[in-house]
Amino acid sequence: MFSIPSRAAVYAADEGFTTVERWYETHRLASRVARETSEPPCGVSIQAFGIFSKIRELDRLLLARQELRGRIIESHPEAAFWRLNGGEAMALPKKIKGRINPPGMEERKALLARSGHDRTFLDRPPPRGAGEDDLLDAAAVMLVAERFIRGEAVSFPDPPGNDRLGNPIAIWT
C-alpha cells in the first residue's frame, strides 16, 4: 500500500529550485504539511517529492482539458509487475540497499519478455539519465497502457475516486 500525500503537501511550494539546499528545505516543508494534512499522517519520500512538479503540471493539464481525464491514467511499476505476474508479488527485489539486484532484474526481464516485450530491447542499456530499473519499470507500465486501451486494465480503487479538483485517483494495472 502506498500512502498518497495531500494536495496541500504537493502544492506546499511551486517553484523552480536554484540550489540543492532550497530543494531539501522545500522537501522538509512538504513533509511537514503532509504530516499535518494527510490521512494517515506521514511525511513525503524524496522520490515522491521529486515528482511533485509533474503532478502539479498534470493537474493543470487535466483542469484545462477535462476531456483528457478518461485518457490519462496512473500506474505503478511494481503494481504492473504484480498484475503481469498473475496477481503475485515478484519473488526478488529489483534493488537491495539502493543497488541493482541482478537476479531481481532478470526475473522482471523474463516476465516482460513473456508478456510481449522484445528481449533484445530489454537487454539494451537504458537511455542517458535513466537507470536500468527505470527502463524495465517503463516497459511494465507501457503494458498497463496497452491493457487500458483494450479495456482490460483494472483500477484500484474500482471505480476510481476523484480528488477535490475532480481529477481521477486510481492506480491502474
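The table that follows gives values for the structure above.
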| quantity | calculated |
| --- | --- |
| Candidate set from segment 55-75 (those that are not small (Gly, Ala, Ser) and not in a helix (DSSP H, G or I)); member that is modelled with the highest pLDDT | Arg65 |
| Any pair with Cβ under 8 angstrom, 6 or more apart, that starts in segment 76-100 at a residue that is more than 15 Å from Asp134 (Cβ to Cβ) and at pLDDT 95 or above and ends at one that is of a type in the set (Asp, Glu) and in a loop (DSSP other than H, G, I, E, B) | Trp82/Glu88 |
| The listed residue being assigned to a helix (DSSP H, G or I) and closer than 30 Å to Pro126 by Cβ, out of Phe17, Phe81 | Phe81 |
| Filter result for Ser75 (closer than 26 Å to Pro168 by Cβ, over 17 Å from the mean Cα position of the chain (by Cα) and of a type outside the set (A, V, I, L, M)) | no |
| Qualifying residue in segment 72-89 (condition: farther than 30 Å from Gly166 by Cα and small (Gly, Ala, Ser)) | yes |
| Residue match in segment 40-48 (condition: surrounded by fewer than 13 Cβ atoms within 10 Å (Cβ to Cβ) and at pLDDT 90 or above) | no |
| Residues (within 14 Å of Val141 (Cβ to Cβ) and not in a helix (DSSP H, G or I)) located in segment 95-130 | Ser115, Gly116, His117, Ala130 |
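The values are calculated or read from the model by the stated rules, or taken from the named source; none is laboratory data. What you see is a predicted model, and the numbers here were worked out from it, not measured in a lab. Glycine gets a Cβ as well: all are built from the backbone with ideal geometry, and neighbour counts include every protein chain shown.
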